[in-house]
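J.: Structure below; questions to follow.
The values are calculated or read from the model by the stated rules, or taken from the named source; none is laboratory data. Bear in mind that the values here come from a model prediction, so they are computed numbers and not experimental data. As a convention, Cβ positions derive from the backbone with ideal geometry for all residues, glycine included, and neighbour counts pool all protein chains shown. Remember, those area values only see protein heavy atoms, side chains included, never the ligands or the DNA or RNA. Shrake-Rupley method; radii C 1.70, N 1.55, O 1.52, S 1.80 Å.
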Amino acid sequence: MTAAPLLEITDLHITYWRRSLLGLRGKPFHAVRGASLSIRPGETLGLVGESGSGKSSIANAVLGLAPVSSGSIRFAGSELAAMNARYPPSLRKRIQAVFQDPYSSLNPAMTVEDIITEPLRVHTELTRAERRAKAIELLQRVSLSEEHLRRHPYQFSGGQRQRIAIASALALQPEMIVLDEPVSALDVSTQNQIINLLYERREALGIAYLLIAHDLALVHHISDRIAVMYLGHIVEEGPSDRVFHAPAHPYTKALLDAVPLLDPQAQRRRRAARKSAPAPEAARVAPTGCPYRNRCPSAMKRCAEESPPAYSVAAGGVASCFLLADARPEAASAASATA
Amino acid sequence: MLIVAFAATVLGVLFLLAVLADWVSPYDPLQQDLMSALQWPSSAHWLGTDDLGRDVLSRLIYGCRIAVIATAEATAIALVIGVPIGLFIGYRGGWWDWIVMRVVEALVSIPGIMVAIVIIAILGPGLHRAMIALGILFSTSFLRLTRGVVLAEREEVYVRSARVVGASETRILLRHIFPNIAPPLIVQTTLTVGAVLLAEAGLSFIGLGIQPPQASWGTMLNTAAAFMDLNWFLAIPPGVAIILTVLSVNLLGDVLRDSIGRGIAAAAPPPASAPRVAPLLARAPSDSPQSSRSDEMLRIEALDIVIAMPGATEIPVITDVSLAIAKGETLGLVGESGSGKTLTGLAILGLLGPVLRMTHGSIRLNGRAIHDLDQKALEAVRGSEVAMVFQDPTTSLNPAFTVGSQIAEVLRIKNGLSAEDARRRTVQLIDRVGIPRAAERAQAYPHELSGGMAQRIAIARALSCNPSLLIADEPTTALDVTVQQEILDLFRDLQDEFGMAMMFVTHDLAVAADVCNRIAVMYAGEVVETAEVDALFADPRHPYTRGLLSALPQGSSRNPPLPIIPGSVPRPGTWPTGCRFQNRCDRRVEACEARIPLVGAERMVRCVHYQNARLKAVLS
């Protein structure tokens, strides 16, 4: 708990401007509204949310692929947000990424060898033979072999492609890898293979992961901590087990409840319970107050008037919900979140 | 392959003749002999003589040289100007793109030959100057093509990956994007070669290209045109030369394009180590009979589907699939990609497409065979008796029409409702699928709705004609989990109300557990287990079902290593004989090599261990 954070995001805002017909600035779209996160060296933070929650925008901002409107992203002491996506090579090589779709994230015109050694070509002075030796070693680390070097991506299955993407991300021995939905495009029977591989590499190399996903149950398996996003806000954050087993924010609860249970009888009971308390039909976006209040079963008057600060949760972490205010009026983290 | 060799030979001969023209041509191409003008082919002049008595064969051979120089020059200039500018403005965009594209548009809005004439007027006439003019002219098509492809490619995820790696902009453009735009460029190059040959003829004709008395194929054609009535044969040699050259270049271009293989995911031929495919092709008698059920809506019996690519052996993708769904029942068809679950659904609708063919089996709906209906009869079935909901509602709805009109259209065509009645019923349906302010939403276009709303519309459309069978193909896979829950609730409610049979295709066992009464688990083109939903989850029997269940994220609470099924689903054509799961199974025995039937009555399973267990139970 004492190590300084490797990545520290503070009050991050990301706004996209839709272009109007004349190429002028149109309506703003606030993808991320004041998110704060931190990841220590070797730690895995799972960032969970539904589409449009802003989780991928955060990933892109960390990787220098999306513009930051305001706020700070500090990585190992350097301020990334101020660099306007032009990271110096010394910094670049320390943050790598694996993207969701293994079918488009590998260049179809390149061989596996080219793909895996590309980071080495850009950042090192290794000779061709040295690069190849390194590529073979990396392939073996992800359970592929030397014979795959000369092949093109289309000759591989989804799971194998994701292994290649991971090998390429590992080539520079980065301190952090951003994993943007790394298994959601894969078959169920291969998903766990990739999760296990990521876990094993983390244990062996001490890499920190920022794991973006929509599936809380899956994220829970590999994360040390989990942050839950809703419409650009981080509504809950805490130790993985606590968030998964004892969610504090109503949205986190809703996310967990929405995943069908594997026990059909229990699922039927849950459905019956849900039917008796139908959720209100309303706009997803609440302009003021708590962003989730329109869909929240326990919304109060107060939720519309002010936005809930981050209250600390007894078993660890924080959640932005007034329900916690009654239980424990928390000052420390609340002050920092509203500032 | 023979054609490719021929094309290569033609171009090889062309180059040889161009280089060796001084030695191989029988006469001086410029030497006139007015006494023997316009001769037909003879032993002295193999291809005859032209209006000035010059030997046509010699002029044709020297024309090769001009053809090679002209096309190489003009095409190279077009490439050198067009591609880099196209790359730059496509990648950079903004003002650069705007200015360059306006200039290009101005250029291409004037007839090409006019532009060339203007350029030559500035540069002066002559072959090289004419080719510079053509090069500039043709560069616009390279520029636009390159820009267009770069615009698409720069959004690809692999470009983001390259950025994250730290590749410079130049490197991304040249090393990552450029190889991917090569295939269309090659095609464009070969087309340009043909166009240059013809344009050179035109320019020479008006005296701006090759200067007389020099010979080019174009000038020869022009001469021939003037003397058509005296000696029509004059047009044949240069004509054939141009046709052969252009055809050969195009052919070789296609071969080159295909050989740099940009991930066309043609199924790789089965590796030599897996020769055990053939026995599967023999049609064994169905070993998965379905017991008859009361109130049966759909019955599929011993369905076989093959991929029949022209010139290739047929590869089975579905074998011996038998299913039955009763009225008001939901059957879950569960499996990973490549299991054949979607194809089974499409086969019912007769939407297999040209490459896939049903080779065996029967499909009965309400007791009527629908597998051998012709297209017209099938159209009557689709939409009214069987309806389908697809995975991605944003693409299954037509973006050009309001959602209301898309539902009303079905009602008018299938049910013959009047426009007014159809509109009223449409609003009712939209309201029924849980969309507030239905009348207003009927006027919305698909892009104005969220994914969940759009899927509700797709469901309303599917239900508009009270189908006996609703096929839902991964209807919630593209949706967020909270929206998925709402849609699954909706499916259950609607089935209670409409009473149709439902086939729910999904890869997610948990979703199947939620909406289905019975589940059929598919693996590699066959059903490996069917059971009532409670029984399946309480006691999965096939090792694949067990593996799938334990692999689900909510199925275990352990930390990694998580339970896995080793390997991946084999592609059609590489299935092992006997049990197709054997290579990934931890309970494999020798008996798995033999073909395993699907056995049982209420519960059926295709596994050697279960058969043994039953056998033991019977014996003891």
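J.: On the protein heavy atoms, probe 1.4 angstrom, tell me the percent of accessible surface of the stretch B:103-178 carried by carbon and sulfur.
T.: Answer for the stretch B:103-178: carbon and sulfur cover 67 percent of the accessible area.
J.: Right, here's the next one. Cross-link partners among lysines for B:Lys341, C-alpha distance below 22 Å, same-chain residues fewer than 8 apart left out?
T.: B:Lys327
J.: Compute all pairwise cysteine Cβ distances in chain A, then list the cysteines with no distance under 4.7 Å to another cysteine.
T.: A:Cys296, A:Cys321
J.: Let me ask another. If the only charges are +1 at each Lys and Arg Cβ and -1 at each Asp and Glu Cβ, what is the size of the charge dipole of chain B around the Cα centre, to the nearest 20 debye? Please list the in-between numbers first.
T.: On the way: 51 positive and 56 negative charges, 193 e Å.
Here chain B has a charge dipole of around 920 debye.
J.: I'd like the orientation of helix A:264-276 relative to chain A: the angle between its Cα long axis and the longest Cα principal axis, in ° from 0 to 90, rounded to 10.
T.: 40
J.: Related question: What's the FRET efficiency of A:Glu125 with B:Ser362 using the Cβ-Cβ distance as r and R₀ = 56 Å, to the nearest 0.05?
T.: Numbers: r = 67 Å, r/R0 = 1.21.
Rounded to the nearest 0.05, the efficiency is 0.25.
J.: Whose amide H sits under 5 Å from the amide H of A:Ile226, counting only residues 5 or more places off or on another chain, with H placed in the peptide plane?
T.: Distant-sequence amide H within range of A:Ile226: A:Gly46, A:Gly238, A:Ser240.
J.: Amide H of B:Thr330: which non-local residues (sequence gap of 5 or more, or other chain) have their own amide H closer than 5 Å, using H built in the peptide plane?
T.: Here B:Met502, B:Asn517, B:Arg518 satisfy the definition.
J.: Also, I was wondering about something else. What does DSSP give for chain B in terms of the percent of beta bridges that are antiparallel, rounded to the nearest 5? Can you show the working numbers first?
T.: Working: 29 of 48 bridges.
Percent antiparallel among DSSP bridges in chain B is about 60.
J.: Read phi for every residue in the stretch A:139-144 and hand back ³J(HN,Hα) as whole Hz from Karplus 6.51 cos²θ - 1.76 cosθ + 1.60, θ = phi - 60°, with x for Gly and Pro.
T.: Values, residue by residue: 4, 5, 4, 9, 6, 10 Hz.
J.: Given only helices, namely DSSP H runs of n ≥ 4 each adding -39500 (n - 2.57), what is the per-residue ellipticity at 222 nm of chain A, to the nearest 500 deg cm²/dmol? Could you put the intermediate results ahead of the total?
T.: On the way: 13 runs with 121 residues, N = 339.
Calculated at 222 nm, the ellipticity per residue is -10000 deg cm²/dmol.
J.: Still on this model: Would you pull out the residues with amide H under 5 Å of B:Gly578's amide H, same chain only if 5 or more places away, H placed 1.01 Å from N?
T.: B:Arg595
J.: Which longest uninterrupted range of chain B lacks any GluC sites (Glu not before Pro) assigned by DSSP to a loop state (not H, G, I, E or B) and surrounded by at most 15 other Cβ atoms within 10 Å?
T.: Working: sites that count: B:Glu155, B:Glu314, B:Glu602.
Here the longest segment lacking exposed loop sites spans B:315-601.
J.: Moving to a separate point now. Label points 7 Å out from Cα along the Cβ direction at A:Ala204 and B:Asp431: separation in nm?
T.: Using points 7 Å along Cα→Cβ, the separation is 6.3 nm.
J.: Another question, if that's okay. Suppose we flag GluC sites (Glu not before Pro) only when DSSP calls them loop and at most 14 other Cβ atoms lie within 10 Å. Which is the longest uninterrupted stretch of chain A? If you can, show how the numbers build up before the last one.
T.: Numbers: sites that count: A:Glu125, A:Glu281, A:Glu306.
So the longest stretch without any such site is A:126-280.
J.: Rolling a 1.4 angstrom probe over the protein heavy atoms, how many square angstrom per residue are accessible across the protein assembly as shown?
T.: Details: 41680 Å² over 959 residues.
On a per-residue basis, 43 Å².
J.: If you don't mind, there's one more thing I want to ask. In a Gaussian network model over chain A where Cα atoms closer than 10 Å are linked, find which of A:Ala254, A:Ala266, A:Ala325 has the largest mean-square fluctuation.
T.: Sorting by GNM fluctuation, first place goes to A:Ala266.
J.: Next question, about the same structure. Could you list the square roots of 5 times each eigenvalue of the Cα gyration tensor of chain A, that is, the equivalent ellipsoid semi-axes, sorted largest first and rounded to whole Å?
T.: Working: eigenvalues 271, 113, 76 Å².
Semi-axes from the Cα gyration tensor: 37, 24, 19 Å.
J.: Okay, next question. Can you tell me the dipole magnitude for the stretch B:401-466 around its Cα centre, using point charges on the Cβ only (Lys, Arg +1; Asp, Glu -1), in Debye to the nearest 20? Present the calculation step by step, with values, prior to reporting the outcome.
T.: Values: 10 positive and 6 negative charges, 30 e Å.
The dipole magnitude comes to about 140 debye.
J.: Would you be so kind as to identify all helices of chain B, as entire DSSP H runs, whose Cα atoms reach 20 Å or more along the helix's own axis and whose mean Kyte-Doolittle hydropathy is at least -1.0?
T.: Numbers: long enough: B:2-24 (31 Å, 2.50); B:56-92 (52 Å, 1.48); B:94-108 (21 Å, 0.95); B:127-153 (37 Å, 1.08); B:178-205 (39 Å, 1.23); B:236-259 (34 Å, 1.24); B:481-498 (25 Å, -0.18).
Those that clear 20 Å and a mean of -1.0 are B:2-24, B:56-92, B:94-108, B:127-153, B:178-205, B:236-259, B:481-498.
J.: Helix A:112-123 against the longest principal axis of chain A: what's the angle in degrees, Cα atoms only, rounded to the nearest 10?
T.: In chain A, helix A:112-123 runs at an angle near 80 degrees to the longest axis.
J.: How large is log10 I(q)/I(0) at q = 0.13, 0.18, 0.19, 0.26 Å⁻¹ when the Debye formula is applied to the Cα atoms of the stretch B:107-187, each weighted equally and without solvent?
T.: Each listed q maps to, in turn, -0.57, -0.77, -0.81, -1.13.
J.: Cα to Cα, under 26 Å, and not fewer than 8 places away if on the same chain: which lysines meet these conditions relative to A:Lys55?
T.: A:Lys27, A:Lys93, A:Lys253
J.: In terms of Cα to Cα distance under 21 Å, which lysines are near enough to B:Lys376, apart from those fewer than 8 places away along the same chain?
T.: Filter leaves B:Lys414.
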